[in-house]
Structure formats: structure tokens, C-alpha cells
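Peer 1: Below you will find the structure I want to go over with you.
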Amino acid sequence: MDLPVVRVRALGLRWSAIPGLGSLDFRALRAMKLAGLKLLQSQKFDLVYFSTTVFSLNVLGPHWKRNTGVPFLIDYQDPWVSDYYRENPGVAPPGGRIKNAIMSRIHAYNESRVISCCSGITSVSPTYPEQLRRRYSHLQSLPFRVLQFPVALRDLLRMRESSVSQCVFPVNDGLRHWVYVGRGGPDMAKSLKAIFTALRQWQGDCPELYRSTRLHFIGTSYAPAGKGEPTVLPLAAECGVADIVTESTDRIAFSSMLKCLLDADALIIPGSDDAAYTASKLLPYLVVGKPVLTVFHERSPACQLLRQLGGAVSVTFRNDDRVDRIADRVTEQWLLQNRFKDSVALDLDKLRPYTDQGQAEILCDFFSAVVNGAE
């Protein structure tokens, strides 16, 4: 089924010098507001669903609802208002503390206005609804649904049969290539340093295995191509293992990401020290049939999913764990047992609800319940 896509013309880059118009979302906001209103008034719609991390666009929900009566839902892939940098003063926020403080106040103001009008919320983490209910007491009766980032098995099947190649790292060169595709950042420093510290110990204990291994971190920055700042390689250098680590900050296409996973000898997923974090690409990693190492906060929703499905060697940590203690777990569970050579069994029967079809069914049922007032 082909779905129509409505495109709008944002203000040009020359407007970005004006305070408040530096980012694309603010330059496109008026055009989005008018186009959405025209569309909602042109035919019957049951619901508007905002699923974006460009949270400034969510303010259109109350405006459209006020003018058309169409209810809206908000999807939380990340927290709109985050206390992470306040609770972790040692971590520098992007753009600096002054800009972060100003934007946090703006986000808090906008979120309170939007949440008071929305008809329901979906979230990738159960922690986000809990945070919202603590912040806004009137949300106790608001419908919530927690949904995982799904996996499309058909995409993997097509990539296995495709002639598409990736040029990020070599294959069949006699080396073991361990791959991670995804963002980096200071919140992942603890899990990354634990992996690198374990590798430094492995360097002395098993030098031949160490020298034949390469770790590739791909697409670690959201910055435009060629402008990203490395956040992984400096940690590898600090731990003394930069000789086997590469980092490419540029994002890659989804098809290239799948090809990298399929070409890898093993996969690694470093997690955030934010307990609410869940990796968006976790399920694709699990279903490609490769050895997988994850290092997550013990209260991350990803850990519960891994306990249910299997498919990975799961190393966990607490807030007060030292890096060397986490590194010892990586060594014991991953390196000493050579778990990087064999995949972990995945429960395919339990996987079905987390496929694209399974999650779509859950989401559509939630839509219907909200529209019909059954939630």
C-alpha cells in the first residue's frame, strides 16, 4: 500500500542566523502547521501520531486538535525533558551547559502544554511513562503503551540475498571483525571503557587472538558527514587498545548497516549509564545469528528483553560499579570462554511479538482503543 507523503518548504538557511531559527524544525514549523491543518480539514482522520525526536513539532498537536477536534498521541523514543545532565554533572551536555539549561526550560514548558491535551502516549522504555506520571499527576489515567524498536525479518532476508556490499571494513582477510553500528556519546563511556579494559588484559593473556581481532564502531555521531567528533577512539587510546579499534563517525544507510552486521564475525552493543536507555538496533543484532556481546545498565529495558529472548552474552552493571569490575565480567563471560566464536540461541517463538508485524498489531490495537475510549 502506497501512502501519500506531504512535503513542506522550510525557510532557507539564510534565516538560520536569526536566534530561534537555527535548526530546521523551527524554520519548518509554520509550514508544517499550515500543511497539517489543511490536510486534517480536507478529509476525515481519526488520530494524529507524533513519532519523532524533533520534539518541537509536538506543539502542533494541541493546535490541530483545537481547530479540527482530531485527538493526538505522542511517542517517546527519548525523553523530551531529561534530568540526565543534572544528575550526572560530570558529563558535559551537547552545546554547553548554558544552552542546555535554556533548552531544558523551553522543553519543560512545551511538554507540559502538549501533555495536557494529548490522548495517549507510547514509549520504547517503561521508565519514560513513570517519569511523566511523577512529573504530571493528572497523567495517572492517561493511556500508555510500551513498544520495543521492532525488527523486520524480511529486510534481513533481502540483504542476505542481495549483491549489495559494504565498504566500511574488509571481509575474508583472516581477521576477526567485531562490529557496532550506532551512536556513541559520553553516557556510553563506562560500558566502552569496560570492553576496552578487558581487551587490554586480553592483549597480554592471549596476544595472538588480540592481534587478529578488529573492532569497528560505525555511525557514532549525529553530526553531518565529515563533521562528527570521535567519542569512541579516544577511550580506546586511553585504555591502550587503539591499535585494534576503528571509529567512523558518519552515519550509514540502513541497508549498509544490515550488511555490516551480516559481514561481521561478532557484534558488540555498549549501553548507556542511563538506566532508561534501550538500544534501537538490539533486535536486528540478535536475529542475524552472530555472536553478540551487550554491556547494559542492569535496569535497562534491554536486559529484560535479553533474558526473555536470549541471543547474546549479556554483561550488566550498576551505577556504583567500577569500570574494572565490569571489565572482569566481560573477560569472564566473553573473552575467556571464547564466546565471540559461537552465537547464543535465540527463542524465535518469543520473538514474534517484537517483529514489525507483531508490534504493528499492538500499536494499531492501542490506536483503536484510544479512539474508541476503551483505554
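The values are calculated or read from the model by the stated rules, or taken from the named source; none is laboratory data. Since the model is a prediction, treat every value here as computed from it, not as a measurement. Please note: Cβ atoms are built from the backbone with ideal geometry, for glycine as well, and neighbour counts cover all protein chains shown.
Peer 1: Go through 259, 227, 290 for me and flag whichever is under 24 Å from residue 202 (Cβ atoms), basic (Lys, Arg) and outside the structural domain of residue 85 (by TED's automatic domain parsing).
Peer 2: Of 259, 227, 290, the one residue that is under 24 Å from residue 202 (Cβ atoms), basic (Lys, Arg) and outside the structural domain of residue 85 (by TED's automatic domain parsing) is 290.
Peer 1: Considering each of 309, 293 in turn, give the residue that is within 29 Å of residue 129 (Cα to Cα) and touching a Phe, Trp or Tyr at 6+ places or on another chain (Cβ under 6 Å).
Peer 2: Among 309, 293, only 293 is within 29 Å of residue 129 (Cα to Cα) and touching a Phe, Trp or Tyr at 6+ places or on another chain (Cβ under 6 Å).
Peer 1: In addition: Taking helices (runs of 4 or more DSSP H) that fall entirely within the stretch 99-209, which contain at least 2 residues that are over 17 Å from residue 78 (Cα atoms) and modelled with pLDDT of 90 or more?
Peer 2: Qualifying helices (runs of 4 or more DSSP H): 153-161, 189-205.
Peer 1: Moving to a separate point now. Checking residue 70 against (1) farther than 20 Å from residue 366 by Cα; (2) assigned to a loop (DSSP other than H, G, I, E, B): exactly one of these is not met. Which one?
Peer 2: Residue 70 satisfies all of (1) farther than 20 Å from residue 366 by Cα; (2) assigned to a loop (DSSP other than H, G, I, E, B) except (1).
Peer 1: Could you please let me know if residue 50 is surrounded by 10 or more Cβ atoms within 10 Å (Cβ to Cβ), assigned by TED's automatic domain parsing to the domain that holds residue 63 and modelled with pLDDT of 80 or more?
Peer 2: yes
Peer 1: Given (1) more than 15 Å from the chain's Cα centre (by Cα); (2) part of a helix (DSSP H, G or I); (3) under 19 Å from residue 216 (Cα atoms), where does residue 304 come up short, assuming only one miss?
Peer 2: Going through the list (1) more than 15 Å from the chain's Cα centre (by Cα); (2) part of a helix (DSSP H, G or I); (3) under 19 Å from residue 216 (Cα atoms), residue 304 breaks only (3).
Peer 1: For the stretch 133-161, enumerate the residues that are without any contact (Cβ under 8 Å) to a residue 60 or more places away in the chain and more than 25 Å from residue 361 (Cβ to Cβ).
Peer 2: Selection gives 133, 134, 135, 136, 137, 138, 139, 140, 161.
Peer 1: If you scan the stretch 281-316, which residues turn out to be of a type outside the set (A, V, I, L, M) and within 18 Å of residue 189 (Cα to Cα)?
Peer 2: If the condition is that a residue be of a type outside the set (A, V, I, L, M) and within 18 Å of residue 189 (Cα to Cα), then 294, 296, 297, 298, 299, 300, 314, 316 are the ones that fit.
Peer 1: Now for a separate question. Here are 236, 198, 189, 194: which of them is closer than 20 Å to residue 297 by Cβ, touching a strand residue (DSSP E or B) at 6+ places or on another chain (Cβ under 7 Å) and of a type in the set (Gly, Ala, Ser)?
Peer 2: From the options 236, 198, 189, 194, the qualifying one is 194.
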